[in-house]
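Right, one structure below, let's go through it.
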Amino acid sequence: MPTSNSTPTTTSRGALPLAATLLTGTVALYITLVAFGNITDFGTNQQFVRHVLAMDTTFKDEDLMWRAITTTWIQDAAYVAIIVWETVAALVLIYGTWLWFRRDDLRARRFSTYGLLMLMLLFGAGFIAIGGEWFAMWQSGDWNGLDAAIRVFVFSGIVLIVNHLPSGQARQTDT
């Protein structure tokens, strides 16, 4: 017969699901505020995206400048796509947080994973790889968002790892 110390009960979940709930909720709050700020103060980050894509504050190396996108409607379409992606990620993470709170750990883990991977794709592939390297954002003293992108990428990755740590819920013991 298992002892109370060897298996979790149905009433106590332990600290790991609580950590997953709180960390997922923190990332959900962050990206919600980012999306809200981009929607309500559209022009500020619109200028950021335009300058990064135009590569107008880089070293202007002629071997790289062919990559620049200077057509404003394309720049603005990219910015709107970023905002839509952020908004969907925020909604998915809010739902994942709610599922953690409701103790639906399996679905919470799935939806949290989707939302966290969406952020890692946006900030890793979008901002670090494409913005940072393809559009040489790292060369700009004024329009360089690499530090912020790395922070979000790493934070999302840590939360993703916490979400996937074994919580002991499925552990079976012999009787």
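The values are calculated or read from the model by the stated rules, or taken from the named source; none is laboratory data. These numbers come from a predicted model, not from an experiment. As a convention, Cβ positions derive from the backbone with ideal geometry for all residues, glycine included, and neighbour counts pool all protein chains shown. Side chains included, ligands, DNA and RNA excluded: accessible areas come from the protein's heavy atoms. Shrake-Rupley method; radii C 1.70, N 1.55, O 1.52, S 1.80 Å.
When the alpha-carbon atoms of the chain are used, the pair Rg, Dmax equals 20.6, 74 angstrom.
Tally Lys/Arg at +1 and Asp/Glu at -1 over every other residue whose Cβ is under 15 Å from the Cβ of Gly96; what's the total? Could you put the intermediate results ahead of the total?
Values: positive: Arg102, Arg103, Arg107, Arg109, Arg110; negative: Asp104, Asp105.
So the environment of Gly96 carries a net charge of +3.
Among the protein heavy atoms of the chain, carbon and sulfur supply 67% of the accessible surface, probe 1.4 Å, non-protein parts ignored.
Toward the positive end of the charge dipole of the chain, about the Cα centre and with charges on Cβ (Lys, Arg +1; Asp, Glu -1), which of Met65, His51, Phe127 goes farthest? Most positive-ward Cα: Phe127. State the answer as a single residue: which of Ala136, Phe111, Gly157 lies farthest towards the positive end of the charge dipole of the stretch 96-175, with beta carbon charges of +1 for Lys and Arg and -1 for Asp and Glu, about the Cα centre. The residue sitting most towards the positive pole is Phe111.
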